[in-house]
Amino acid sequence: MSETMTPKERTRARILDEAAKAMREKGADGIGVAALMKRAGLTHGGFYAHFENRDDLVAHAVDRMFGDSDAMVRRYLTGNEPARGMSLLIDYYLSEEARRRTDVGCPIPSLGGESSRMPEAARQRFAQGIAAFRAALAKALAGLGAPEPDVLAASVLAEMVGAMTLARTLDDETASIALRASREQLKRRIGLPTAL
């Protein structure tokens, strides 16, 4: 958290951090206000100083998760030439670490299946987060000279999310094999070397 934040801003950020972790781990319905505030080390009554209601919290937690996801995407795609950036992003997104760290990873594999049942504001923010991720991929793919980078970006995102979602349902050894194969095949399909 930033040193320039007020105490109220720091508290709100702590609540959102905990809400984002809880939602990634248990889904949007898996977080109750009382349990969340306890998890954040705060009293239940303080919740309404930061959020209108639980739906407001869920929408802002979706923002937080996609903010984290955007930072991850920028870490790999900014400052690297497109091929290296895409390769590094694919390697991280489809890694054992990302599979195990559901509490901090991309929210799409964790919450994509239930996003249609979220409150309206959260659904809209979820869709915006997906669109931003797809746009970042399209920009990198355009930098690679890929034809129809927007179409390819949609396919690449779907493949990454699908591979991670499936890997999280498998035992460790099978998941590791599946993730490695997905990384290699995805890189090959978009014209990247399989080892950088």
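Every number here is computed from the coordinates shown, using simple stated rules; none is lab data. In this text the structure is predicted, and so the values were computed from the model without any measurement. So basically every Cβ, Gly included, is an ideal-geometry build from the backbone, and we count neighbours across all protein chains shown.
Within segment 99-150, how many residues turn out to be in a helix (DSSP H, G or I) and either within 13 Å of the chain's Cα centre (by Cα) or of a type outside the set (A, V, I, L, M) (or both)? Of the residues in that region, 30 qualify. You will find that of Thr174, Thr165, the residue that is free of Cβ contacts under 8 Å to residues at least 60 places away in the same chain, polar (S, T, N, Q), under 30 Å from Ala59 (Cβ atoms) and out of contact with any Phe, Trp or Tyr (no Cβ under 8 Å at 6 or more places or on another chain) is Thr165 and no other.
Evaluation of Asp55 against the conditions (1) under 22 Å from Gly112 (Cα atoms); (2) out of contact with any Pro (no Cβ under 8 Å at 6 or more places or on another chain); (3) of a type outside the set (Phe, Trp, Tyr) shows that the sole unmet condition is (2). Can you tell me which residue within segment 69-90, out of those that are surrounded by fewer than 17 Cβ atoms within 10 Å (Cβ to Cβ) and assigned to a helix (DSSP H, G or I), is farthest from the chain's Cα centre (by Cα)? So the residue we want is Arg84.
Pairs are defined by a Cβ separation below 6 Å, a sequence spacing of at least 6 or placement on different chains, a first member in segment 91-103 that is surrounded by fewer than 16 Cβ atoms within 10 Å (Cβ to Cβ), and a second member that is of a type in the set (Asp, Glu); the pairs so defined are Asp103/Glu25.
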